[in-house]
Amino acid sequence: MSLFWVMIPQLAEIQEQMASSKKVIMREEWEKRLNHIRIRKEDMNKLVMNFLVTEGYAEAVAKFRMETGTEPDMDVAMIMDRMAVKEAVQCGNVEDAIEKVNDLNPEILDTNPELFFHLQQQRLIELIRNEKIEEALEFAQEELAPRGEENQSFLEELERTVSLLVFKDVSNCPVRELLDISQRLKTANEVNAAILTSQSHEKDPKLHSLLKMLIWAQNQLDEKATYPRIKDFLKATLENPAV
Amino acid sequence: MPSATVNKPRPSELLSRLTSAEPEVKVRALREVKNQIIGNRTKKLSFLKLGAVPAVAGILADSIDDVTENNNCNNTNNFLVQSAAALGSFACGFDAGVQAVLDAGAFPNLLRLLANPNEKVVDAVARALRMIYQSKLAPKYDFLQQKNMEFLISLLNSEKETVSGLGASIITRSCETNLEQKALFDAGILRKLNSLLEGGSLSQRDASLESLATVFRNNPEVISKFAGPEIGRPLSSIIDLAKDRYPRTRLLACMCLIVIRNASPHFLQDIGIKTKLIHILLELLDDPGQVGDEAPFAFSSLIAQKEDLQKLALEANAIDKFHHHIKKGSLHPRRYEGILLALADMCSKLESCRSKFLSLQVLNLVADALTDYNAGVRAAACICLKSVTRSIKNLSAGYFMNETIVIPLVQLFLDPSTSVQVAALGATSNIVVDFTTRKSIFVQCGGMKQLVQLAKSMESSVRSNALWALKNFVFQADNRLKEGVFSELTASLLSSLIRDPEPSVQEQALALVRNLVDGCINLIEFVFAEDGLILGAIGRQLQCASKAEIGIQGMYALCNVASGNEFHREAVMQLLFTQMGDKNQSFVVKFLQSNDSQLRTATVWTIVNLTCPSSPGAPCRLEKLRNAGIVSQIKNMVNDPCVDVKVTIFFIFRICFLFASLFWLT
């Protein structure tokens, strides 16, 4: 029994040691270290330009180029072509979007069965949204059913979409999220990514990867140290470490 | 405004508009056809059947004439772009479309248009040509012609990605022989491909990796020239790409490295690179798309026939990973097939791999795959079983002779696909080598009868594999089983199989007889059934044996017959001498002089059985053999390099001593 009482304070001490074996870096020290790191203005401009290009803000690209002299890694014309496609999907003009993509590069839809299926799916959704039920039925039979035949992995998604036709009150059915505008955005982003990939351009902006790296690095460091971390990326302010 | 599908013209209506005199109507119809077929295999097929391809090819041809005559430029370019794009789409991943485009004579026109000044036209045309070159039906490109090589170089040097990509795909498709590979190297193509590898875009790097692999394949000379005096620098750029962020690039780089490894013993042999390749490929299995489907095939090409790599892969938990993926279910058939074949390669040589496989209970999943709807998967499952059933330990324990495996396997004997049948027979051949008393399960589920039916197949590979399975089935089986097989086969079928036009079938039929008559003396009567049909067939076949293996099996069959009674031995003697005819040399002497040691061994053993001293007719037979020059031939073989032969010959010398008077006369 006495041995047990001897152990407890020892254990407590070990625990404290472990807790305090995490290095503590105070804000002043941290900011001093950060100040040693040099980031070039040109690099930041390139990051911004890369973001604008990837997201497709053609006008902003042109303006930013004018104001900073940063060259986009893609023709503005190409960005505008891509944006026309994205906007067409976002407005529900899927047939128009398909024609535009095919004018840009016919290989994209020919070699991307999943994307093509999602575009056809969106067309059906738009027909149902506009209560053109007869057309929708015909379209589902003529255009969507063959996709399921050609590729079994689409069958489940196909069934979900077609079930929209079954419900009288679509706004209350189990698959109503298909009618959300967010579904259009999802499809639009998919097309955008496919076009970028076909142009040998990365589909995510580099800023995206940088932020992911920051979150990951902070998570790793959390296990080893207490330090001023960034909690809110929009503000990018350093939070004082809890001591 | 939302899109509508009303008032869409029927395909036949569209087709007739393609031949309209009004350019506006024509180009609109053309664009509509193009937009309907892109991504839509079903529509491609239906338009194809209506004859759309010749119509579109016709528009392309007419537009070229317009270009020559300098007619309305914009309009013409539009026609060219749309028709080229439509033709390209017909050819995309669709062999019937490729054939139709070639039949319509569009290929030379497309080639010509590569020189067109309009960028959009060149892009569309280059894409269409690349789609054609991705198919096996593409016309063969003759690299050995000077102007063809120059044209190819100009394609690769183009600034346009679509055009340089076309150059790369021509190489990947058409380069086959070592001569062509050397010609490409001499023309500096590899250096160009390497620069695309290091400085090109994503698609250029991928295309370049594929082309390099094609030029390196089975050509150690080109590889060492490429890796050249820069001591592995070009190779290091490929190795770096194996760690690229894009999965497809990683896969293609691995495939290129594997081609180099397999062709040349000097490169990429250290354990570091071997381990790295294994890990990268196993990790690529996680990719949900086409890359993940192809990864197991690349893995197979890395480890096949190579025990050291199989061991490394085992340590890297390859079998666990494959098991994990199959367990997930609903696999794309290509991926399923690839994983099964990879498992087959893993278990082909090492018992440690087979043990791991069996301990993880993968066998049940493979048994399920035997009934898959896809023929490639079924065949791969059989091939996997064949590898795993090489485990003598488990065969002896009768592990595989159970209903879960045997019943679906026997059903595959009737599979519509020949390759599935042959693969099933291969697996069966191993499983029936069962040392327990459970062979009857195979008979009960109708397997034995099915094998006999397959021995009558029109396909020679099916016949020979069915006989192989039967041969293994009767190996040291009990008399009842053997009699069952023989009565099902019948003497006439077996003798006709011994005389089959295909050597591989002859060999297996003779081996089957060998196993049938081995053992109990009663079984030897098989060869005498129906007036000695089988014995006669053996004799005739040995007279004109086209390869050593046939002689070996035939002689061992006779050897077994000669181990019976006097009647049997006399019958064999008669066979050996009847076949001489006009020829002064018996096939026995020919066999004794053969380069094949197994054949010499089988022949001397037969002679031992014929002259065995305990039988009354032995001296007489020995005399006959001496007269035919066979004894002196044997005496010349005292220093035969093969130990089995030497030992057996000493038996014969002992026999000769026993018949001393005859010996002194020689």
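Throughout, read-outs are computed from the coordinates displayed, never taken from laboratory work. Note that the coordinates shown come from a computational prediction; the quantities given were computed from them, not determined experimentally. Neighbour counts are summed over all protein chains in view; Cβ atoms, including those assigned to glycine, are modelled from backbone coordinates with ideal geometry.
Okay, here's what the table says:
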item	result
Convex hull of Cα atoms in the stretch B:121-177, direction-averaged projection (nm²)	3.7
Cβ neighbours within 10 Å from other chains - mean over A:116-125	1
√(5λ) per eigenvalue of the Cα gyration tensor, the stretch B:474-619, largest first, Å	22, 19, 14
Where only alpha carbons of the stretch A:23-100 are counted, the Rg and the Dmax (Å)	19.4, 59
Sorted peptide list for B:262-271, A:121-130, criterion being average Cβ within 10 angstrom, highest first	A:121-130, B:262-271
Label-point separation, B:Asn157 to A:Val24 (7 Å along Cα→Cβ), nm	7.0
At 1.567 mPa s and 4 °C, Stokes diffusion of the stretch A:92-198 via Kirkwood alpha-carbon radius, µm² per second	91
Test item: B:116-129 mean partner chain Cβ contacts at 10 Å	1
Between the stretch A:119-148 and the stretch B:514-550, the Cα center-to-center distance that results, in Å	70
Within the stretch A:222-239, backbone nitrogen closer than 16 Å to the virtual label 7 Å beyond the Cα of A:Leu211 toward Cβ	A:230-237
Kirkwood Rh in Å, taken over chain A so that all alpha-carbon pairs contribute	22.6
Listed residues A:Ser171, A:Ser21, A:Ser163, most fluctuating in chain A (Gaussian network, C-alpha, under 10 Å)	A:Ser21
Contour excess over end-to-end distance, with Cα ends at B:Arg480 and B:Asn148 and 0.36 nm allotted per residue	112.6 nm
Cα pair distances exceeding 39 angstrom across the protein assembly as shown, given as percent	61
Fewest-first sequence of B:Trp605, A:Trp30 by Cβ atoms within 10 Å of each Cβ	A:Trp30, B:Trp605
Residues A:Glu239, B:Glu180, sorted so that the one with the fewest Cβ neighbours within 10 Å comes first	A:Glu239, B:Glu180
Ranked by how many other beta carbons lie within 10 Å on average, peptides B:103-111, B:338-346, B:279-287 from highest	B:338-346, B:279-287, B:103-111
Kirkwood estimate for chain B, i.e. one over the average of 1/r between Cα atoms, Å	30.0
Point-to-point label distance, A:Leu185-B:Ser487, nm (Cα→Cβ direction, 7 Å offset)	7.9
Residue among B:Ile634, B:Ile405, B:Pro265 farthest towards the positive dipole end of the protein assembly as shown, charges placed on Cβ	B:Ile634
Paramagnetic label zone (point 7 Å from Cα along Cα-to-C-beta, B:Leu50; backbone N under 16 Å) in the stretch A:127-151	A:142-143
Euclidean distance of C-alpha centroids, the stretch B:312-334 and the stretch A:182-200, integer Å	32
Computed E for B:Lys393/B:Thr275 - FRET, C-beta separation, R0 35 angstrom, nearest 0.05	0.75
Exposure proxy order (Cβ contacts within 10 Å, fewest to most) of B:Cys73, B:Cys642, B:Cys656, B:Cys347	B:Cys73, B:Cys642, B:Cys656, B:Cys347
Shielding by other protein chains, B:29-36, mean Cβ within 10 Å	2
Label zone at B:Asp644 (point 7 Å along Cα-to-Cβ), backbone N below 20 Å, the stretch B:603-630	B:603-612
Ordering of B:368-378, B:416-426 by burial proxy (mean other Cβ atoms within 10 Å per residue, highest first)	B:416-426, B:368-378
